[in-house]
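For reference, the structure discussed in these notes is given below.
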Amino acid sequence: MLITFEGIDGAGKSTQIKKLVAWLASRDVEAVTLREPGGTAVAEKIRSILLESREDISPIGELLLFSASRAELVQEVIMPALSSGKTVILDRFYDSTSAYQGYGRGIDLEVLRSIIAISTCAITPDITFYLDIKPEEALSRKFSAKSLPLAFDHEELDRMERSGLEFYRHVRQGYLDIISREGDRFVSLDALEDAECIHRKIVETLNSRIQA
Ligand SMILES: Nc1ncnc2c1ncn2[C@@H]1O[C@H](COP(=O)(O)OP(=O)(O)O)[C@@H](O)[C@H]1O
Ligand SMILES: [Mg+2]
């Protein structure tokens with residue numbers, strides 16, 4: 001089973017994944033947890049180019065780097081884990097590419113579709129939890145966690161996070177568009193709710209899908 005988490009930076013993906021992994025472990029379900037970009041030696045190198053570079057990266061270059069990282073992860077780790085019957089939990093997958101590189105950077109969505117199909121070997125998540133939050137709220141959460149003043153170009157932010165408020169507004173709108181077109185796979189959650197309350201909803205959803 002492939003479970004993915006989506007949402008803009010600061011939405012609470014890592015927080016929820018941690019809770020879900022603990023819940024699965026308490027039921028003796030071994031889960032493989034991975035984050036994008038990264039997850040193999042090569043993909044982690046690509047991650048550092050994408051997130052730590054101080055140089056500009058062109059939108060197409062960025063798309064291909066994310067896709068190269070994804071191709072490594074899918075072939076080296078995700079496909080073998082799924083084939084051996086493991087539950088795989090992903091912190092971001094190709095919906096991030098549609099939202100960030102498509103709606104955020106403005107790359108044609110048809111172009112993205114073919115690159116996504118190639119880089120994922122056409123794997124689709126069984127379920128995708130989307131944590132919805134306004135960028136202002138998400139970013140201010142991140143800033144307060146790091147005790148930083150609210151500044152969208154702060155040097156402590158990674159290269160993607162420095163893309164600015166307007167960029168994040170497009171990305172969020174992108175996620176909402178994707179969900180309105182491809183609703184069945186998604187469970188949309190209000191990221192402003194209490195973390196424990198969101199976790200209970202995730203568990204309830206998984207329980208009811210597993211029974212069904
Ligand atoms: N439901 C929530 N309510 C309030 N704060 C939260 C909630 N979920 C996460 N946070 C806090 O928001 C910040 C970002 O959460 P995180 O899980 O790292 O988000 P993401 O992985 O999506 O970037 C962290 O400081 C985290 O403790
Ligand atoms: Mg995170």
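The values are calculated or read from the model by the stated rules, or taken from the named source; none is laboratory data. Note that the structure is predicted; figures quoted are calculated from it, not measured. FYI the Cβ positions are ideal-geometry reconstructions off the backbone, even for glycines, and counts take in every protein chain you see. Quick note on the areas: whole protein, heavy atoms, side chains included, nothing else; ligands and nucleic acids left out. Shrake-Rupley method; radii C 1.70, N 1.55, O 1.52, S 1.80 Å.
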Which numbered condition V21 misses (of (1) part of a helix (DSSP H, G or I); (2) at positive phi): (2)
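Residues being open to solvent by 30 Å² or more (accessible area, probe 1.4 Å) and in contact with an Asp or Glu (Cβ under 8 Å, 6 or more places away or on another chain): count how many of those fall in region 159-174.
Final tally of qualifying residues: 3.
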All-but-one check, D132 against (1) charged (D, E, K, R); (2) open to solvent by 70 Å² or more (accessible area, probe 1.4 Å); (3) farther than 17 Å from L51 by Cβ, failing number (2)
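Do you know which of the residues in region 93-116 that are open to solvent by less than 50 Å² (accessible area, probe 1.4 Å) and of a type in the set (S, T, N, Q) is nearest to the chain's Cα centre (by Cα)?
Of everything passing the filter in region 93-116, S96 is nearest to the chain's Cα centre (by Cα).
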Filter region 4-38 down to residues that are buried (at least 16 other Cβ atoms within 10 Å of the Cβ) and either acidic (D, E) or away from ligand 1 (no atom under 15 Å from the Cβ) (or both), then give me how many there are. 7
Being aliphatic (A, V, I, L, M), under 16 Å from the mean Cα position of the chain (by Cα) and in a helix (DSSP H, G or I) is the filter here, so list the residues in region 169-201 that pass it. V171, L176, I178, I179
Inspect region 101-122 for any residue being within 16 Å of ligand 1 (Cβ to nearest atom) and closer than 26 Å to V21 by Cβ and give the result as yes or no. no
Can you name the residue in region 175-192 that is touching a residue at least 12 places away in the same chain (Cβ under 8 Å) and among the acidic types (D, E) and is also surrounded by the fewest Cβ atoms within 10 Å (Cβ to Cβ) among such residues? D190
